[in-house]
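For reference, the structure discussed in these notes is given below.
The values are calculated or read from the model by the stated rules, or taken from the named source; none is laboratory data. Computed from a predicted model, the values in this text were never measured in an experiment. Glycine also receives a Cβ, built like all others from the backbone with ideal geometry; neighbour counts cover every protein chain displayed.
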Amino acid sequence: MTALDTALGKAKPMWWKALAVWFLFMVVAIANGTLRQFVINPAIGVAWGHVISTVLLCTIILGITWATIRWMGPADAGQAWAIGAG
């Protein structure tokens, strides 16, 4: 068992919450791609559609992260980085 495994084992409830947030990211990314394909690209073109979609998704992910980090409850910076690393 590594030091990381030991650190992860101390906060098992946090990992279920982190998994739920990662799943939310996945759902939002799929919705973003659908929006880009059917709304943004036809309106402004493929090249700019990708740019707008990328900025939109990054902003949404940042917002979700900001809104849920306290709920996930990492005990220290190492656990927060581990959540981000997936």
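Summary of computed values
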item: Tally of residues being surrounded by 16 or more Cβ atoms within 10 Å (Cβ to Cβ) and at pLDDT 95 or above across the range 61-86; result: 1
item: Near pairs, Cβ below 8 angstrom, 6+ apart or cross-chain, from the range 59-80 (touching a residue at least 60 places away in the same chain (Cβ under 8 Å)) to any residue that is surrounded by 15 or more Cβ atoms within 10 Å (Cβ to Cβ) and of a type in the set (D, E, K, R); result: Gly73/Lys17
item: The range 28-49, residues that are surrounded by 16 or more Cβ atoms within 10 Å (Cβ to Cβ) and not polar (S, T, N, Q); result: Val28, Leu35, Arg36, Ile40, Gly49
item: Test: residue in the range 37-48 that is more than 24 Å from Trp15 (Cα to Cα) and not in a helix (DSSP H, G or I); result: yes
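For (1) more than 30 Å from Trp16 (Cβ to Cβ); (2) part of a helix (DSSP H, G or I); (3) under 13 Å from the mean Cα position of the chain (by Cα), each residue gets a yes or a no:
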| position | (1), (2), (3) |
| --- | --- |
| Leu35 | no, yes, no |
| Val51 | yes, yes, no |
| Thr54 | no, yes, no |
| Ile64 | no, yes, yes |
| Trp71 | no, yes, no |
| Pro74 | no, no, no |
